[in-house]
Amino acid sequence: MLGCLKRPVMVTADVNLNLVVLTAAGLLSRLWRLTYPRAVVFDEVYYGVFISLYMKRTFFIDNSGPPFGHMLLALGGYLGGFDGNFLWNRIGEEYTSNVPVWSLRLLPALAGALSVPMAYQIVSELHFSHCAAMGAALLVLIENALITQARLMLMESLLIFFNLLAVLSYLKFFNCQRHSPFSLCWWLWLMLTGVACSCAVGIKYMGIFTYFLVLGVAAVHAWQLIGDQTLTNVCVCCHLLARAVALLVIPVVLYLLFFYVHLMLLYRSGPHDQVMSSAFQASLEGGLARITQGQPLEVAFGSQVTLRNVLGKPLPCWLHSHQSTYPVIYENGRGSSHQQQVTCYPFKDVNNWWIVKDPARHPLVVSSPPRPVRHGDIVQLVHGMTTRLLNTHDVAAPLSPHSQEVSCYMDYNVSMPAQNLWRLDIVNRESDRDVWKTILSEVRFVHVNTSAILKLSGAHLPDWGFRQLEVVGEKRSRGLHESTVWTVEEHRYGNSQEQHERELELHSPTHVDISRNLSFMARFSELQWRMLTLRGEDSEHKYSSTPLEWVTLDSNIAYWLHPSTTAQIHLLGNVVIWASASLATAAHALLFLWHLLRRRRRACDLPEDAWHRWVLAGALCTGGWALNYLPFFFMEKTLFLYHYLPALTFQILLLPLVLQHISDHLCRSGLQRSLFSALVVAWYSSACHVSSTLRPLTYGDKSLSADELQALRWKDSWDILIRKY
């Protein structure tokens, strides 16, 4: 022991200087003057709103993707001390002094910077040369569109980072598999693969494409592992179980964790919770919870209730009636019952209150003790302010002629008797004797006489109906649909039998404390469903583009314009890199087919290890490009050039691999290799020249004349390059 103390403790480590230099260059390119411009740039106006809501703990819903990416951006704001007080009104608006611009843009910039050394490592793990790895990293480093996107408070650089991390982690795991399975390193990279895949999906739904890519490659390797006769059955089962846990269980658990943290942070009611169910809204602090806190849980005969339609489309609305009647004759010449109108009204109103009446009893108050309403009970719904009963009959609805008109019955002494009995159907019941519960129960009202179901048609009534939403009796129910389902949102036990006193009671707030917290899984399921089904307004945007325009770089986006000079930032790619990447993808596909046909004819031009390396590189790079690009042809949403950047990154990784393959296996002589190397150097020089030329539009720190702006259009730049080289 004392002898050890006499000698100095020495630590040796292998440091890859290539990685150090690439990391430093990536950080410099992405972090240099990160706070410029100190103004809202393009989609920062969109994501900034959500960051402010995080800072204020206010609930929101965004159908563009899961919450992990939003939380990472909000983390930057939190670390910078942002209080959320900024109005994200318009692009180009100057940030106030309380907005920590550097912190908000830091995490996307770091993700973009670290993507540079990761590109190097991915190519190295594919067992291509260090020269090819350096080439891939340098292309990621100088690509103008990737630099622009990474320097702003946007999501794409975060998505690309976790896409590359997932691929890199799997490759390191795969290489560990060959010499040290079940080692600490093996477990580390396998688990990190699952974590990275979950993070990619958690940032944007687009991340699921890379997740499917990794799962597909892992499935092929697992299939090969099953056929390995050197492994025992127990060993194979352990391999498969480890992969299932790391690549299936961990991503699901992490995905749920993202939503758990999201819902824990956003506990206050806000403007976005109107699209959620009454039960979800009541679980938030303030808003509906402030109104519904302490309401009686069980609906009884004599209860006063408001009924909210579960569908919430085109607007959240409540069953409503008022003094006005349906026109005797509609505009199309059809007649009506001239009964009192029943609609669905998208605002809180005293005319939304209804009283649940027992048909066998006259009183409109809750008895003592209360008699709860159960599944299958026959009820009448009395409109609170007019005391008329909800009714439907064999008269066509005003805008839905194949459905029945719903009204509040008025006795005109004609041959049209009241038909106002409804059977309560609790959709989410656990037994046939379930009690109708406030907020928690989802119910349908089935008309006793005609079997029609009370339904929100969603159509807006004309001016005589005050543009409110039409409610009908659906005769032919094609299974359960949310438009036929209603929940009790506000509820009180009625105590006043006289109409005047009852009206005063309907105007007063409710009270009596009863807790009705939703479980996390119930909130998660509803929020996830709303995110997947909620559609924004897909209007045309001046900078929107199609997937075909991305490949040819025939579009760009003006991100920011200086208010007083000609300085500006554009999302504009390097035409040399984009065109070469597309050619490399096509070349790889042709070469793969050529070698495959040759191998079928027993002509093996490539050694076995080179062939497997070529196939794996194509599966990851070409497959990554295809999975992240082709699905956009089938998406009905407004698309922008930045949607192509994850696919482009995989193409950039493929480009130096194709160049090395051509040099190693298609150039037969030393002279051919020398000429090809010279061409590659000239090509790299041209890519660097274009990147430098486009620099003013990437960083936006230089005023440009009209002629300079015209010359920076990519087609003009291409012409300049042709003349120069």
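Quick notes on this one:
- Asp411, Asp228, ranked by accessible area, largest first (probe 1.4 Å): Asp411, Asp228
- The range 358-391 versus the range 64-134: alpha-carbon centroid distance in Å: 58
- Solvent-accessible area per residue for the chain (1.4 angstrom probe, square angstrom): 45
- Solvent-accessible area assigned to carbon and sulfur over the range 76-232 amounts to 69 percent, based on a 1.4 Å probe.
- In order through the range 43-53: 3J(HN,Hα) via Karplus (6.51 cos²θ - 1.76 cosθ + 1.60), integer Hz, x for Gly, Pro: 6, 4, 5, 7, 6, x, 4, 5, 5, 4, 5
- Residues with amide H under 5 Å from that of Leu704, placed H, sequence gap 5 or more: Thr566, Ala567
- When Ile226, Ile577 are compared by accessible surface with a 1.4 Å probe, the order from highest to lowest is Ile226, Ile577.
- Share of carbon and sulfur in the accessible area of the range 283-401 stands at 55%, probe radius 1.4 Å.
- Helical content of the chain, expressed as a calculated mean residue ellipticity at 222 nm, amounts to -14000 deg cm²/dmol (DSSP H runs of 4 or more residues, -39,500 (n - 2.57) each, divided by residue number, nearest 500).
- Label-to-label distance, nm, for residues given as Ser415 and Val448 (7 Å Cα→Cβ offset): 2.4
- Over 20 Å between alpha carbons, listed pairs Lys313/Lys542; Lys313/Lys348; Lys56/Lys348; Lys357/Lys437; Lys455/Lys475; Lys204/Lys313: Lys313/Lys542; Lys56/Lys348; Lys204/Lys313
- Applying 1/(1 + (r/R0)^6) with R0 = 22 Å to the Cβ-Cβ distance of Leu257 and Leu534 gives a FRET efficiency near 0.45.
- For the pair Glu331 and Val615, the difference between a 0.36 nm per residue extended length and the Cα-Cα distance amounts to 95.4 nm.
- With respect to the chain, whose longest principal axis is taken over its alpha-carbon atoms, helix 156-179 is tilted by about 60°.
- Computing FRET efficiency as 1/(1 + (r/R0)^6) for Ser705 and Ser685, where r is the C-beta to C-beta distance and R0 is 25 Å, gives about 0.45.
- Charge dipole of the chain about the Cα centre (unit charges at C-beta), most positive-ward option of Phe301, Cys235, Gln341: Cys235
- The protection proxy used here, the mean number of other Cβ atoms lying within 10 Å of each residue, ranks peptides 116-126, 212-222 as follows, highest first: 116-126, 212-222.
- Placing unit charges on each Cβ (+1 for Lys and Arg, -1 for Asp and Glu) gives the range 1-71 a dipole about its Cα centre, and among Leu27, Val15, Phe50 the Cα reaching farthest toward its positive end belongs to Val15.
- For the chain, a simple Cβ point-charge model (Lys and Arg +1, Asp and Glu -1, everything else neutral) yields a dipole of about 1900 debye relative to the Cα centre.
- Taken along the Cα-to-beta-carbon direction at a fixed 7 Å, the label points for Met635 and Arg476 span 3.8 nm.
- Pair Glu526, Ser367: separation of 7 Å Cα→Cβ label points (nm): 3.3
- Surface accessible to a 1.4 Å probe, Leu79 within the full protein complex, Å²: 130
- Computed accessible area, Glu298, all protein chains, 1.4 angstrom probe, square angstrom: 80
- Relative to the Cα centre, the charge distribution of the range 348-436, modelled as +1 at Lys and Arg Cβ and -1 at Asp and Glu Cβ, gives a dipole magnitude of about 280 debye.
- Cβ-Cβ FRET estimate between Arg433 and Trp464, R0 fixed at 41 Å, reported to 0.05: 0.40
- Expressed as a whole percent, the accessible surface of the range 653-705 that belongs to carbon and sulfur atoms is 65, based on a 1.4 Å probe.
- Residues whose amide H lies under 5 Å from that of Tyr559, counting only those 5 or more places away or on a different chain, are Ile569, His570, Leu571; hydrogens are built 1.01 Å from N in the peptide plane.
- Near Arg371, the amide H atoms lying under 5 Å from its own belong to Phe301; only residues 5 or more places off or on other chains count, and H is placed 1.01 Å from N.
- Share, in percent, of DSSP beta bridges within the chain that are antiparallel, nearest 5: 95
- Within the range 29-67: backbone nitrogen closer than 18 Å to the Lys348 label point (7 Å, Cα to C-beta): 59
The values are calculated or read from the model by the stated rules, or taken from the named source; none is laboratory data. Just so it is clear, the structure is predicted and the values come from calculations on it, not from any experiment. As a convention, Cβ positions derive from the backbone with ideal geometry for all residues, glycine included, and neighbour counts pool all protein chains shown. Protein only, heavy atoms only, side chains kept; ligands, DNA and RNA dropped before computing areas. Shrake-Rupley method; radii C 1.70, N 1.55, O 1.52, S 1.80 Å.
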